[in-house]
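The values are calculated or read from the model by the stated rules, or taken from the named source; none is laboratory data. All of these numbers come straight from a predicted model, not from anything done at the bench. Glycine also receives a Cβ, built like all others from the backbone with ideal geometry; neighbour counts cover every protein chain displayed. Side chains included, ligands, DNA and RNA excluded: accessible areas come from the protein's heavy atoms. Shrake-Rupley method; radii C 1.70, N 1.55, O 1.52, S 1.80 Å.
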Protein chains: 2
Amino acid sequence: MGSDAKARAARVASRCGNQDANLFLRLLAASTASSVQAQRLLKSTGELTITEWRILWDTVEAGPLSVQDIALIQRSDHSLISRALPGMRSKGYITTKRSAEDKRNSLVHVTAKGRRAYERAAPVMKARRRALAKAFTADEMETFLGLITRFETHLAETSSDLETSRSHAVSV
Amino acid sequence: MGSDAKARAARVASRCGNQDANLFLRLLAASTASSVQAQRLLKSTGELTITEWRILWDTVEAGPLSVQDIALIQRSDHSLISRALPGMRSKGYITTKRSAEDKRNSLVHVTAKGRRAYERAAPVMKARRRALAKAFTADEMETFLGLITRFETHLAETSSDLETSRSHAVSV
DNA sequence: ACGAATTACGTGACAAGTCATATAATTTTT
DNA sequence: AAAAATTATATGACTTGTCACGTAATTCGT
């Protein structure tokens, strides 16, 4: 390794050390790794995407649900759910029916085929959750979730401040 | 609200309560919210995407860096970095030069223009980090980061087990 | 009871991230 | 020194997620 490369490696190591403490980056990396694992597991047991799996899971456990319901439970955008439905319908996993009570709602029902697809994936996904529960004590998990909640609250509270702070910083 | 809708609302509430304790989902939601905030802030101060911002930040602090270096620091895939470079080059933020020592390495250098773009965004991004540092004590942050590290380690350790556990569960 | 605001859903446009694969340069093995 | 393995980069194909906007249905205010 040349001396330039050696110096660069030192800079990289130092920078890595810094960024290891960057919560924003660390959260992103952890959540990405988690999604990648889930995707891999789903691929190994069937043909479900993560989005499809989550929709099946929720509707099996608590269905029928509207698009908005599912998005709320998953803390995601309704469009993500909405977009997954036509594919799931054409695969025969679900049916959707406008609610008689409120015709804006499109209620998602699982079919027998959808339930079978869910049941193929469920054991591994359950094992995954069980393994996680074993890796952390109940106290630790509570602490972890509490910190995440505080982080989210913090984001919500500071977002508007930060967006206007720029002009303040300039004018003050 | 009709009785069907009321029953559905109850199921949703119960399901939400369950999923609030789902670390996988919670991490994803938190990291997504964080990225959304960063994207918004960057948009308000300039025209940088998150990826461009991170690349500028790293190269300003520790450049010149290779594609691989940057990916390592950001715990991301090298292709994400690689793909962002042509645009940044054409905007005049960076130049890339094959390393003389190892011609595989493409070294990213920040230009004066790139540095100015960085400096426009930097104050808000710094304020963001400062606000976060105020929201958590040093101890809490250490705990948080430690839990994330353990989560990542856990994922790495269990991934292969889980992928094969399926066949075991069937055969045993 | 009518007009205004809200809510639900769908869809286009985009950013961010992955993996697989190809190619070139380097290092390791024999 | 040639062959084999590894490493760095680039790129195509894909999933996941956002936001903005349009339209239809509902609710709210007067």
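If you plug the beta carbon distance of residue A:10 and residue A:113 into 1/(1 + (r/R0)^6) with R0 = 41 Å, you get a FRET efficiency near 0.10.
Note on the protein assembly as shown: semi-axes of the ellipsoid equivalent to its C-alpha gyration tensor, largest first and rounded to whole Å, are 40, 25, 21. Distance from the Cα centroid of the stretch A:90-163 to that of the stretch B:44-97 is 33 Å (rounded to whole angstrom). Normalised per residue, the accessible area of the stretch B:47-161 is 52 Å², obtained with a 1.4 Å probe and no contribution from ligands, DNA or RNA. Distance between the 7 Å Cα→Cβ label points at residue B:149 and residue A:95: 5.4 nm. Placing a label point 7 Å from the Cα of residue A:102 along the Cα-to-Cβ direction, the distances to the matching points in the other copies come to 5.9 nm, shortest first. Taking the accessible area of the protein assembly as shown, probe 1.4 Å, and keeping the other protein chains in place, the carbon and sulfur fraction comes to 54%. Chain A packed on chain B takes about 7200 Å² of accessible surface away from a 1.4 Å probe, both sides summed. Using Cα springs under 10 Å in a Gaussian network model of chain A, which residue among A:143, A:45, A:96 shows the largest mean-square fluctuation? Largest GNM mean-square fluctuation: A:143. Does anyone have the angle between helix B:23-45 and the longest principal axis of chain B? Alpha-carbon axes, 0 to 90°, nearest 10? Once rounded, one gets 40 degrees.
Along its first, second and third principal axes, ordered by size, the stretch B:47-161 spans 41, 39, 23 Å in Cα coordinates. Note on the stretch B:47-161: Lys pairs 8 or more places apart or on different chains, Cα atoms under 29 Å apart, count 7. Exposed loop sites here mean trypsin sites (Lys or Arg not before Pro) with a DSSP loop assignment and at most 14 other beta-carbon atoms within 10 Å; chain B contains its longest site-free run at B:1-102. Loop-located GluC sites (Glu not before Pro) in the stretch A:1-99 (DSSP state not H, G, I, E or B) with no more than 11 neighbouring Cβ atoms inside 10 Å: A:47. Are there residues in the stretch A:105-132 whose accessible area shrinks by at least 10 Å² when all protein chains are included rather than the chain by itself, and which are they (probe 1.4 Å, ligands and nucleic acids not counted)? Residues shielded by partner chains are A:105, A:107, A:124, A:127, A:128, A:129, A:131, A:132. The long axis of helix A:78-90 is offset from the longest Cα principal axis of chain A by roughly 40 degrees. In the assembly of identical copies, residue B:89 has its label point, taken 7 Å from Cα in the direction of the beta carbon, separated from the corresponding points by 4.6 nm (ascending, one decimal). The residues neighbouring residue B:116, those whose beta-carbon lies less than 14 Å from its own, together hold a net charge of +1 under the Lys/Arg +1, Asp/Glu -1 convention.
Could you tell me how many degrees, from 0 to 90 and to the nearest 10, lie between the Cα long axis of helix B:112-135 and the main elongation axis, the longest principal axis, of the Cα atoms of chain B? Helix B:112-135 and the main axis of chain B meet at about 30 degrees. For chain B, a Gaussian network of Cα nodes joined below 10 Å ranks B:154, B:78, B:109 by mean-square fluctuation, and the top entry is B:154.
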